[in-house]
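To keep things clear, I will list the structure first and then write my remarks on it.
The values are calculated or read from the model by the stated rules, or taken from the named source; none is laboratory data. Being a predicted model, the structure only gives us computed values, none of them experimental. Cβ coordinates were reconstructed from backbone atoms using ideal geometry, including for glycine residues, and neighbour counts include every protein chain displayed. Just the protein is used for accessible areas: all its heavy atoms, side chains included, with ligands, DNA and RNA removed. Shrake-Rupley method; radii C 1.70, N 1.55, O 1.52, S 1.80 Å.
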Amino acid sequence: MTHLQWANRLYRLLHVAARITRTARRTRLAIAANWPWTDTLTSAFNNLAALPQLTG
């Protein structure tokens, strides 16, 4: 992956149409349903959550 591809993805991640909400001691990212990258970002977060926890 080239530098421009990473820069493009980072730009999209930092300019997410979302807001951070806190309820019941949980922090959530509420992403706008009509944002074009909603599915991609949601699946990326799900993939990260599925990774095994590090033990140390």
Exercise. Go ahead and run the numbers for FRET between THR2 and ASP39, Cβ-Cβ distance against an R0 of 22 Å, rounding to 0.05.
Key: 0.40
Quiz prompt | Which of THR42, PRO52, ALA30, positive extreme of dipole for the chain (C-beta unit charges) | solution = ALA30
Quiz item: Ignoring ligands, DNA and RNA, what percent of the accessible area of the chain is carbon or sulfur (1.4 Å)?
Solution: 58
Practice problem: Using DSSP to define loop residues, name the trypsin sites (Lys or Arg not before Pro) in the chain whose beta-carbon has at most 15 other beta-carbon atoms within 10 Å. | Solution: ARG25
Self-check item: Cα principal axis extents for the chain, largest first, Å
Solution: 38, 35, 16
Quiz prompt | Å² of accessible area per residue within the chain, as computed with a 1.4 Å probe and no ligands counted | solution = 97
Quiz item: Taking the Cα centre of the chain as the origin, how large is its charge dipole in debye, to the nearest 20, when only Lys and Arg (+1) and Asp and Glu (-1) carry charge on their Cβ atoms?
Solution: 300
